[in-house]
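The values are calculated or read from the model by the stated rules, or taken from the named source; none is laboratory data. Computed from a predicted structure; not experimentally measured. All Cβ positions, even for glycine, are placed from backbone atoms using ideal geometry, and neighbour counts span all protein chains on display. Ligands, DNA and RNA are stripped out before the accessible areas are found, and what is left, the full protein with its side chains, is counted by its heavy atoms. Shrake-Rupley method; radii C 1.70, N 1.55, O 1.52, S 1.80 Å.
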Protein chains: 2
Amino acid sequence: MYEATRSRESHPFGPHQIDELLQLVQASVPFQRRLVRADDVIFQAGQAFVNLYIANSGFYKLVNSSGEGREQVVGLHFKGDWMGLDGIAHGCYGCEAVALDTGEIWAVSYESLFHSAMKTPALLAAMHSAMSRELVRDHDAMLSLCTLPADARVAGFLRYWADALEQRGLRTDQVTLRMSRAEIGNYLGMTLETVSRALSRMARDEVIRFAEKGRREIHIPQVQALTSFIREACAAPVGTANAR
Amino acid sequence: MYEATRSRESHPFGPHQIDELLQLVQASVPFQRRLVRADDVIFQAGQAFVNLYIANSGFYKLVNSSGEGREQVVGLHFKGDWMGLDGIAHGCYGCEAVALDTGEIWAVSYESLFHSAMKTPALLAAMHSAMSRELVRDHDAMLSLCTLPADARVAGFLRYWADALEQRGLRTDQVTLRMSRAEIGNYLGMTLETVSRALSRMARDEVIRFAEKGRREIHIPQVQALTSFIREACAAPVGTANAR
DNA sequence: CGAACTGTTGAAAACTTTCAAATCTGGTGG
DNA sequence: CCACCAGATTTGAAAGTTTTCAACAGTTCG
């Protein structure tokens, strides 16, 4: 769903930067490794804020909840991403973090991180950079949510996931979604049926292909085709192009 | 639009904290004051990131743009809020910041801030807190955007504005919107007509009252009534309650 | 093999947008 | 001072998109 709004060549973000971050953390602060499996909860909303969490591997979602039971996936996180940053302000986590797959999480006490950062400029810079990237992502997510029709948001979601994999040096032609249609729909502000229909249309247009029966493994011949699909979905009323 | 998702009593945020922050900045880093008027641009998207900006007074919006010309208001900022934080990650601002009214902005070089923060824990803590608060706000905005119907989002917007004023020790029964219906609609992911209709319904239900001819000054007898209105808007199909 | 889940698809209903027209405000110039 | 114009807001009606409701198919697991 996120958008590459402008050039970022001056500050590339790729596998090298991510490994560097992880090494930096490893070298400068104590942390605890935790292995997680799908649906494991890393921390809960409202819980006292103590640690920040860095994904060393795996996939994670952040879920925000209203008092009345409305829930919203507000972020997806991959290797090198920090989680729990929204706990700094109020002393308790604002979201719940849940693993979408098996993976390894590093827990770093914010206090020790804070002290280390005061002595290690690179660490402080990395932390600020992580928070800032998070803000950029949120803003891009809002842009997509508010200005794109449903089909385009789903295509944008796939492109975002593919981009995240690419930044981590992984192949992007094959994406295994770790989320159900309902989770995707929640994240994108639409129902699961709408997600399903959008994916079907993309498959019909051969922008994607379903690689297995479960329909969660998605083949993306060219990520760029998703961008075209988004553009078309914005321009054209539903049945205009390729209607049969 | 934002939601008070859970208790935050352990870390209150009010006029005292804001004044403290401003004093802290004043005491620890050099900064430039800049007086602005409505529609003045503080910084533009893509511009080289040098300064962070702190609102000393006035009202501001942050606008994110896609390459194809779609624009989205992704944040509203008040006294004590930081702007430009999304520039840290990529070395250029991700959004454009625009003043909604006259006000005073403080420009602080990020570099000098960074250095001062390494020596002044309170400053570093304040900065992290500001970024974290921003993340929480974004998450709450996404929750509203994705889970609330249009009427409720507009009511939530008014409540958010009133809350922001209250946190700054200002009166909340009288709110002068600094934004046109179109800007509000953009921020809330709906058209200006939908905003207008929602406000009209709230006025009809006496949740708000228009205090002048321009219809931008809004009287809110009890902020709590907005919360009830939101709840009702969620539960009930459009013409269910108070239909005539 | 059946139950529980997940995903797909169709059709009707609901909500929001689009298009249009009218009203109002504020500012400008005669 | 008043007429007039541009821009903002409101409101109605039609159109469009998305949701809701429902039924069906495929998968997984005990």
*Rounded Å value of the spacing that divides the Cα centres of segment A:155-187 and segment A:98-148*: 19 Å
*Cα axis of helix B:223-235 to longest principal axis of chain B: angle in degrees, 0 to 90, nearest 10?*
60 degrees
*Using the Karplus curve 6.51 cos²θ - 1.76 cosθ + 1.60 with θ = phi - 60°, work out ³J(HN,Hα) for each residue of segment B:87-95 in order, rounded to whole Hz, and write x for Gly and Pro.*
x, 4, 5, 10, x, 9, 5, x, 10
*For a label point 7 angstrom out from the Cα of B:Ala211 toward its Cβ, which stretches of segment B:157-184 have the backbone nitrogen within less than 11 Å?*
B:171-177
*Mind listing P(r) for segment B:15-121? All alpha-carbon pairs, 5 Å bins, whole percents.*
3, 13, 22, 24, 21, 12, 4, 2, 0
_I need the inter-copy label distances for A:Glu71: point set 7 Å along Cα to C-beta, values in nm with one decimal, smallest first._
3.8
*Keeping the other protein chains in place, figure out the carbon and sulfur percent of the accessible area of segment A:15-142, with a 1.4 Å probe.*
49 percent
_Length-normalised contact order for segment B:148-235 - Cα pairs under 8 Å, 6+ apart - percent_ = 40 percent
*By a straight-distance test (C-alpha under 21 Å), which lysines pair with A:Lys79 as possible cross-link partners, with residues fewer than eight away in the same chain excluded?*
A:Lys61
*To the nearest 10 degrees, how steep is helix B:121-147 against the longest Cα principal axis of chain B, on a 0 to 90 scale?*
30 degrees
_Taking 4 °C and 1.567 mPa s as the conditions, I'd like the Stokes-Einstein D for chain A in µm²/s, using the Kirkwood hydrodynamic radius from alpha carbon pairs._
68 µm²/s
*asked:* Roughly how large is the B-A contact in terms of buried accessible area, totalled over both chains, probe 1.4 Å, nearest 100 Å²?
replied: 5000 Å²
_Along principal axes, Cα extents of the protein assembly as shown, largest first, whole Å_ = 62, 61, 39
*Measuring from label point to label point, each 7 Å out along Cα→Cβ, what is the A:Arg33 to B:Ala27 span in nm?*
4.4 nm
*Sequence-distant residues sharing a close amide H with B:Ser57 (under 5 Å, placed H)*: B:Glu104
*Roughly what angle does helix A:192-204 make with the longest principal axis of chain A, taking Cα atoms, 0 to 90 degrees, to the nearest 10?*
60 degrees
*May I ask you to compute the full-extension gain from A:Thr191 to A:Cys234, defined as 0.36 nm times their residue separation minus their alpha-carbon distance, rounded to one decimal in nm?*
13.6 nm
_Could you report segment B:111-151's accessible area per residue, 1.4 Å probe, as an integer in Å²?_
27 Å²
*Long-range amide H partners of B:Asn51 with built H, under 5 Å*: B:Tyr110
*Stokes-Einstein D for segment B:141-244 at 10 °C, 1.306 mPa s, Kirkwood Rh over Cα pairs, in µm²/s?*
115 µm²/s
*Once you average over the residues of B:144-155, how many Cβ atoms of partner chains fall within 10 Å of each Cβ?*
3
_Long-range amide H partners of B:Ile208 with built H, under 5 Å_ = B:Ala203
*Starting with the highest mean, order A:89-102, A:132-145, B:103-116 by the number of other Cβ atoms within 10 Å, averaged over the residues of each peptide.*
A:132-145, A:89-102, B:103-116
_Using a label point 7 Å beyond Cα on the Cα-Cβ vector, give me the inter-copy distances for A:Met118 in nanometres, one decimal, shortest first._
1.4
*asked:* Assume the label is 7 Å from Cα along Cα to beta carbon: what separations in nm does B:Pro221 have to the matching positions in the other copies?
replied: 6.3
